Structure formats: C-alpha cells, structure tokens
Amino acid sequence: MSGRIAILHNEVAADAPEDVRDVLVQVDAVRAALRRSDIDPAVIAVNLDLAQLADRLGEMAADLVINLVESLAGSGRLAHLVPALLGHLELPFTGADASAMLRT
C-alpha cells in the first residue's frame, strides 16, 4: 500500500453538542496513529454531496478509507450512504458495509 489513506467523518458544526464533536477526537487519534507510521492521511468532512466525495477520493487515488461517518446532515438514518458509495467505488474501507449500517 502506498499510504494514500482518507479519514472520513461527518461535518461537525462549531456549536455542535459534545457527543457530536466526539468524532473529531476519533479523527485526531487515528491521524496521530497513522502519522507515527509516516502516513499523512487526508481528512475529509462528509456532507450530502456524495458526488464531490467520490471525485475527491478519485483524485487522491485513495488506497484505503477509514470511515468514521456517524451521520449525514445530522441524521444517523443516512449514515449507510457513505459505505454504499465506497462499495460502489470499490474502495476498501473500515467499518460496517451499507447493508449492516442500514439495518442498525
């Protein structure tokens, strides 16, 4: 693996509650661990513009996506859309697949 890794997380407003901002703590922890291995990941805040996300992942030629997205547009009911997109793009990613996310 050449080390082109993307860390995805849901967009977080500055005034979001602490439990929503927690995903940023997770991002920092994963990024720090990767940097200790000399990998500088791209961190991408995800919103409902999934076409833009697909373009960005394609441009960076991601080898692996770490999916920390917990919701889209503030709704956990839409979280399955990100793994659905990643599966469609045939990108390896961490976390549950779209069908498991949809069921939960």
Subtracting the Cα-Cα distance of Asn47 and Asp22 from 0.36 nm times their residue separation yields 7.3 nm
Whole-percent tail of the Cα-Cα distance distribution for the chain, cut at 15 Å, equals 61
Given 76-83, 39-46, the highest-first ranking by average Cβ count within 10 Å works out to 76-83, 39-46
Relative contact order of segment 2-53 (C-alpha contacts under 8 Å, at least 6 apart) in percent is 55
Percent relative contact order for the chain, counting Cα pairs under 8 Å at least six residues apart, stands at 32
accessible surface per residue for segment 1-69, probe 1.4 Å, DNA/RNA/ligands not counted, whole Å² -> 57
Descending accessible area (1.4 Å probe), largest on the left, turns Leu91, Leu53 into Leu91, Leu53
With +1 at each Lys and Arg Cβ and -1 at each Asp and Glu Cβ, the charge dipole magnitude of segment 1-54 around its Cα centre, to the nearest 20 debye, comes out at 340
Per the rule of 0.36 nm per residue minus the C-alpha distance, extending Met60 to Asp97 adds in nm 11.1 nm
Ranking Val27, Pro92, Leu57 by how far each Cα lies towards the positive end of the charge dipole of the chain (+1 on Lys and Arg Cβ, -1 on Asp and Glu Cβ), the top one is Pro92
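The values are calculated or read from the model by the stated rules, or taken from the named source; none is laboratory data. Quick caveat, the model's predicted, so the values are computed rather than measured. Note that each Cβ is placed from the backbone with ideal geometry, even for glycine, and that neighbours are counted across all protein chains shown. Surface areas here come from the heavy atoms of the whole protein model, side chains and all, with no ligands, DNA or RNA. Shrake-Rupley method; radii C 1.70, N 1.55, O 1.52, S 1.80 Å.
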